[in-house]
Amino acid sequence: MEQFSNKHRQLLAILSDGSCYSGTTLGEKLDVSRTAIWKYISQIDKLGLKIKRIPHKGYQLSSPLILLDERLIRQKLAHTQFKKSVNFYLYASLGSTSRFLKALPLSSDLEICCAEGQTQGKGRYGRNWFSPFGENIYFSGRWLLNCCFSQLSGLSLVVGLGVLSALKSHQISNEIKLKWPNDLLWKDQKLAGILIDVLGETNGYTQVIIGLGLNVNTATQQFNILDRPWCSLFDITGDHLDRNGILASLIYFIDKFLQQFSESGFKGFMKFWREVDYLQNKWITVSQPSGNLHGFANGVNALGQLCITDSGGIKHYLSIGDASLSA
Ligand code: BTN
């Protein structure tokens, strides 16, 4: 099931208060039979949402849930005076939101795709992106940038700053840092990752797909499945957050920063980057297609390239790579 029907939505809206409801009550509320309710619940189950069956009582959600809702996102976006025309594609489940946008016919509108869960979420370097249902933000946006391919250096850093500003607007920013070129970290643990796909350039305009995986409501301590430490906004704030408001802010800030980036490049963002640079003044290792480079991180230049000084005192400026702190 890729899309929820109205009945699925109604059912989840009732269960979202966390109470236990019998099949009969749910059937009455939705004007369908108990068997139909059982069928809807099994379909939702298959997406990975945990619904408890309590014998002789009924159904109950294991944790709070507010579904993604286009009307709410548009409403919140309108509060920011956002003027662009946006098309939303919200799915219950998709392979990958970025892959979905790649297949969409070209348009000059801003195209936004989000899913409650992804079955083949992709990260950098062919890694998977863990995408449990209904908990986090799996967001892709297709933007037409008024600049050419050669001017894109620093783009992922600017998107990271946009994400951070969106979180700040929700009073969440404590100790969140950006790790060049595109990770958000909190206390050395990964909070979010950014994946940029450049589709092509025509007449000085470049189409890019910006994919963002932001861990929002997963209680990450319960999972021990990732090879690297990770965290969520729930771990930071202790609250279950409504993803709709955060999504509206993400769209607003990323779009605003991309506008500035297309006009004047990365230079104007350097001061902001310095304030949140996770690698600055640390010994690091950067793995690149050509091999590993060890050295001391000296921040980034006006092109968003990472400056690293090796043990022989030679400075290197890197445009790509996967950085980690040296042991
Ligand atoms: C990374 O840190 O490796 C980047 C992860 C990017 C994951 C997001 S989730 C939404 C979008 N769809 C995908 O398949 N990937 C990106």
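The values are calculated or read from the model by the stated rules, or taken from the named source; none is laboratory data. Note that the coordinates shown come from a computational prediction; the quantities given were computed from them, not determined experimentally. Neighbour counts are summed over all protein chains in view; Cβ atoms, including those assigned to glycine, are modelled from backbone coordinates with ideal geometry.
Scanning the range 31-50 for residues that are surrounded by fewer than 16 Cβ atoms within 10 Å (Cβ to Cβ) and among the β-branched types (Val, Ile, Thr) turns up just one, 35.
Considering only the range 171-197, state which residues are more than 12 Å from the ligand (Cβ to nearest atom) and more than 17 Å from residue 154 (Cα to Cα). Those that are more than 12 Å from the ligand (Cβ to nearest atom) and more than 17 Å from residue 154 (Cα to Cα): 171, 172, 173, 174, 175, 176, 186, 187, 188, 189. Residue 13: among the hydrophobic types (A, V, I, L, M, F, W, C) and exposed (fewer than 14 other Cβ atoms within 10 Å of the Cβ), yes or no? Spelling it out, it is not the case that residue 13 is among the hydrophobic types (A, V, I, L, M, F, W, C) and exposed (fewer than 14 other Cβ atoms within 10 Å of the Cβ). Selection within the range 264-276: residues that are within 13 Å of residue 305 (Cβ to Cβ) and not aromatic (Phe, Trp, Tyr). The member of this set that is surrounded by the most Cβ atoms within 10 Å (Cβ to Cβ) is 265.
Of the strands (runs of 3 or more DSSP E) lying entirely inside the range 176-236, those containing at least 1 residues that are over 23 Å from residue 275 (Cβ atoms), out of contact with any Lys or Arg (no Cβ under 9 Å at 6 or more places or on another chain) and among the β-branched types (Val, Ile, Thr) span 189-202, 205-214. Where strands (runs of 3 or more DSSP E) sit wholly within the range 255-327, those with at least 2 residues that are β-branched (Val, Ile, Thr) occupy 283-288, 306-309. Can you say whether residue 200 is crowded, with 20+ Cβ neighbours inside 10 Å and either without any contact (Cβ under 8 Å) to a residue 60 or more places away in the chain or within 14 Å of the ligand (Cβ to nearest atom) (or both), as far as the supplied structure shows? Answer is no for this residue. Residue 107 falls short on exactly one of the conditions (1) more than 16 Å from the ligand (Cβ to nearest atom); (2) assigned to a helix (DSSP H, G or I); (3) surrounded by fewer than 19 Cβ atoms within 10 Å (Cβ to Cβ), and that condition is (2).
For the range 116-145, a residue qualifies if it is near the ligand (Cβ under 6 Å from one of its atoms), more than 12 Å from the chain's Cα centre (by Cα) and either within 23 Å of residue 206 (Cβ to Cβ) or in contact (Cβ under 8 Å) with a residue 40 or more places away in the chain (or both), and exactly one does: 124.
Taken over the range 67-102, residues that are among the small types (Gly, Ala, Ser) and within 12 Å of the ligand (Cβ to nearest atom) amount to 3.
Scanning the range 110-137 for residues that are closer than 22 Å to residue 167 by Cβ, polar (S, T, N, Q) and not in a loop (DSSP other than H, G, I, E, B) gives a single hit, 118. The set of residues from the range 161-188 being surrounded by fewer than 18 Cβ atoms within 10 Å (Cβ to Cβ) and touching a helix residue (DSSP H, G or I) at 6+ places or on another chain (Cβ under 8 Å) comprises 169, 170, 173, 174. Condition test on residue 21, is it farther than 30 Å from residue 194 by Cα and surrounded by 17 or more Cβ atoms within 10 Å (Cβ to Cβ)? It is true that residue 21 is farther than 30 Å from residue 194 by Cα and surrounded by 17 or more Cβ atoms within 10 Å (Cβ to Cβ). Pairs are defined by a Cβ separation below 8 Å, a sequence spacing of at least 6 or placement on different chains, a first member in the range 277-288 that is closer than 15 Å to residue 178 by Cβ and at pLDDT below 95, and a second member that is among the hydroxyl-bearing types (Ser, Thr, Tyr) and assigned to a loop (DSSP other than H, G, I, E, B); no pair meets this definition.
Of all residues in the range 70-90, those satisfying the criterion of being modelled with pLDDT of 95 or more and touching a strand residue (DSSP E or B) at 6+ places or on another chain (Cβ under 6 Å) are 70, 86, 87, 88, 89, 90.
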